[in-house]
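Everything below concerns the one structure shown next.
The values are calculated or read from the model by the stated rules, or taken from the named source; none is laboratory data. All figures in this text were calculated on a predicted structure; none of them were measured in a lab. Every residue, glycine among them, receives a Cβ derived from its backbone with ideal geometry; neighbour counts consider all protein chains shown. Each accessible area value is taken on the protein alone, full model and side chains, heavy atoms only, with ligands, DNA and RNA left out. Shrake-Rupley method; radii C 1.70, N 1.55, O 1.52, S 1.80 Å.
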Amino acid sequence: MNRQSSPYLKAALLTMALALLGFFFITQLDAMRAGELRAAVDELRMQSEAERMLYFYSQVMGDDSGELCGYLSSTAKAKADRAWALSEKIGFYEKSNIVNADYEKIKGQYYLANAALYLNMRAMGKYCGSLPYDTVLFFYRTRQDCPECRAQGGVLDSLRPSHPSMQVFAFPIDSDYDFVNVFAKRHNLASVPALVVNDQVVLVGLTDAQSVEAHLSKQAP
Amino acid sequence: MDGKKTEHRRSTIHIPERRELAIIGMAVLALSVFVFLSISYQLIFVAYTLLSLFIFCSYLILWLEGAKEEISPPAPPRWPHATVIVPSFNTGDTIFDCLAACKKMKYPGTFDILVVDDGSTDGSYEKLAKMEGITLLRNEKNRGKASALNYAIRHAKGEIVACIDSDTYPREDVLGKAMPHFFDDERVASVVVFVCVNKPRSLLQRVQEIEYWISFGFFFKTIASIDGLYVTPGPTALYRKSVLDSMGGFDEQNLTEDMEIALRMQKHGHKIRACHETMVLTEVPCELRKLFRQRLRWYRGGVMNILKHVDLFFNPKYGDFGLFILPTTLGSGFFAALFMAWTLMSLGRNFVDWSLPFTYNFSAGLSATVAGMGNGLVTFQSAWILGMFTLAIWAYFLIKSFEISGEKPQRRHIVPLIFMLWVYPLFIGFTFLVAYIYELFGVKYKW
């Protein structure tokens, strides 16, 4: 190296050192966030497992006192809300993530837990005779850009405060998970965004708040 | 980053035809959509940050390895006669203060002042004609600054000519301090003087004040230390007349003739030195619209001269100048423009996200917007950590720039600095983008 080029060599080394330091911090940050998500998803899965265990218990033991229904319906909302909030967090953390490769796995675990929560809620309707909630299945797309899907998410978000009984369960239709495809096939969904209200009403395409509202059976108090 | 003003009608860029604008807009949009959808913004961000980190580190090392030294060459064996050239076109507002400052200059040798009126119509010529102590030349028709300068150079008696813009006020010691640099090395063909902003009033001017300290202070000092100056800023630059004569003077067809002449000097093996022991004060645009027009001309001139002297780029024959300075100064504008295009696309996409729900339900739009913004604020992008290093090095440059300009950082600098960090780059990047688009599609200047 001649004298002239040495400052740039030094600069390149300095840049590399700083970049390594930067990537070390980035790795730490990304790992911290992924860890936080993993813990939250684990928690969610445990809760849905516990719920399912209670249904199983009632089936095996033949408990029909109604106590169980009261207990389950009182805790279901908090769980579904937490699941919804977690999905947003996963989305934002994933967007800012650079080095962590665990997100597919975290998302898979999350969808599984969310699907279990949805089925538990439907089961509650069957087992207890009536369901104090409106369930909304929301299908969107992740592999291709889908502004309408994001807009639909916004519409659902806006309905949440005025309709506390509405519970939204969101799934990407282009995922590799069989259970999502089974859900979608049941309603012959071909395009997104799509909503399935109370397992009966299918709304395909971006649906505005009034139209969603019209199909909710538990009206706002 | 040359220092010319929009004082000549010939340099004024006119808004192109609507049809042209529409075609450009559509082409850029199509291109950006394609690029944006194929590469993630985050990847671009990381690549751009690493590139700027390297450039910043290089300047840091160059600064620490010599540029920081104070340069004041010893008094020369003789003080050559100097001719101060002030071109003027309808500059009645500033030229009389400028000439007063020029006359007050103290110089151990002798100097004369040559004013070229480039066909003024504001009555300044008539007033100048009555003035004593200057030689007045006149172009009947307005022919542009470069032409006026060439005209004056042909009539200049000095061995050294000092070209001073008519809205620039030199300090008393400018000639005395700049002249010794010519005797430091016989290849020195030009000496540029530290340009600062005269009496900044508006926020925009105060932002430019700091920008000038950094650009003409820190960066010029560093670039000059490796003989890499690529522009001899219009506000004030001294030239060896024999060199100008041998090179045929300024390029009269150029938007930024002060950059063109510097590139040509570099090509011919001449040296350009920077004098930071004194300064000149210049007027800067007070409105965003005027600043945009000024910068658009600088950056278009930059693109024009890159194309004209493309053989200098990455040419090992020109050492640091060709391999590092040119690509990182003139060339970096290209990256700034590209990065800006991506950023705009990213913002546009977020905007669509936020605004689409409005079309279905107002309250939905509102809540989605608030939620989106809230999450955007708390979600700290991992890649920003790299940006922190660049920011830290920049802060060091800033401190050094204050030292060079002899200013102490004060509370009144805080607001302009905040603007400079988070708003001004968007403006500069956007102007670069427009300049590249205009040059790419050959949008005409008004000549």
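Once backbone amide H atoms are built at 1.01 Å from N, B:ARG138 has B:ASP117 as its partners under 5 Å, excluding neighbours fewer than 5 places away on the same chain. Among the GluC sites (Glu not before Pro) in segment B:112-142, those placed in a DSSP loop whose Cβ has at most 15 other Cβ atoms within 10 Å are B:GLU132, B:GLU140.
By how many degrees, 0 to 90 and rounded to 10, does the Cα axis of helix A:147-159 deviate from the longest principal axis of chain A? Here the helix axis deviates by roughly 50 degrees.
What do you get for the angle between helix A:103-128 and the principal long axis of chain A? Use alpha-carbon atoms, 0 to 90 degrees, nearest ten. Roughly 10 degrees, rounded to the nearest 10. Here segment B:169-213 is treated with +1 on each Lys and Arg Cβ and -1 on each Asp and Glu Cβ, and its dipole about the Cα centre works out to around 340 debye. Each Lys or Arg adds one and each Asp or Glu subtracts one; over the other residues with Cβ under 12 Å from the Cβ of A:LEU189, this totals +2. Annotation: lysines with alpha-carbon distance below 16 angstrom to A:LYS89 (same-chain offsets under eight excluded): A:LYS79, A:LYS105, A:LYS107. With runs of 4+ DSSP H residues as the only contributors, calculate the mean residue ellipticity of chain A at 222 nm using -39,500 (n - 2.57) per run, divided by the residue total and rounded to the nearest 500. Calculated at 222 nm, the ellipticity per residue is -22500 deg cm²/dmol. Sequentially through segment A:93-99, phi angles give Karplus couplings (6.51, -1.76, 1.60; θ = phi - 60°) of 5, 5, 5, 8, 6, 10, 9 Hz, Gly and Pro residues having no value and appearing as x. If you plug the beta carbon distance of A:ALA31 and B:LYS199 into 1/(1 + (r/R0)^6) with R0 = 60 Å, you get a FRET efficiency near 0.70.
When the Cα centres of segment B:295-342 and segment B:417-441 are compared, how far apart do they sit, in Å? Spelled out, the Cα-based centre of one part sits 15 Å from the other.
Does chain A come out rounded, prolate or oblate by the C-alpha gyration tensor, with a ≥ b ≥ c the root eigenvalues, rounded set by a/c under 1.5 and, if not, prolate when a/b is larger than b/c and oblate if not? List each step's numbers first, then the result.
Numbers: a/c = 2.98, a/b = 1.99, b/c = 1.50.
Cα axes put chain A in the prolate bin.
Summary of the geometry: segment B:112-139 and segment B:40-67, compared by the centres of their Cα atoms, lie 47 Å apart. Give me the percent of the accessible area of the protein assembly as shown that comes from carbon and sulfur atoms, probe 1.4 Å, all protein chains in place. After summing per-atom areas, the C and S share lands at 61 percent.
Take segment A:66-175 with all the other protein chains still there, run a 1.4 Å probe, and you get 39 Å² of accessible area per residue.
Summing charges over neighbours of B:LYS308, with a neighbour being any other residue whose Cβ is under 12 Å away from its Cβ, gives -3 when K and R count +1 and D and E count -1.
Spatial offset of segment B:219-252 relative to segment A:104-183 amounts to 67 Å, using the alpha carbon center of each. Oblate is the label for segment B:292-344, because the ratio a/c of its alpha-carbon gyration tensor axes (a ≥ b ≥ c) is 1.5 or higher and a/b is not greater than b/c.
A cut-off under 14 angstrom between Cβ atoms defines the neighbours of B:LEU204, and their net charge, with Lys, Arg +1 and Asp, Glu -1, is +3.
Interface size, chains B and A: roughly 3100 Å² of accessible area buried, both sides included, 1.4 Å probe, rounded to the nearest 100.
When the square roots of the Cα gyration tensor eigenvalues are ordered a ≥ b ≥ c, the ratio a/c for the protein assembly as shown is 1.5 or more and a/b exceeds b/c, which makes its shape prolate.
Taken residue by residue and averaged, Cβ atoms of other chains lying within 10 Å of the Cβ of A:153-162 number 6. Between A:LEU131, A:LEU72, A:LEU20, where does the largest GNM mean-square fluctuation fall for chain A, given springs only between Cα atoms within less than 10 Å? Greatest mean-square fluctuation among the candidates belongs to A:LEU20.
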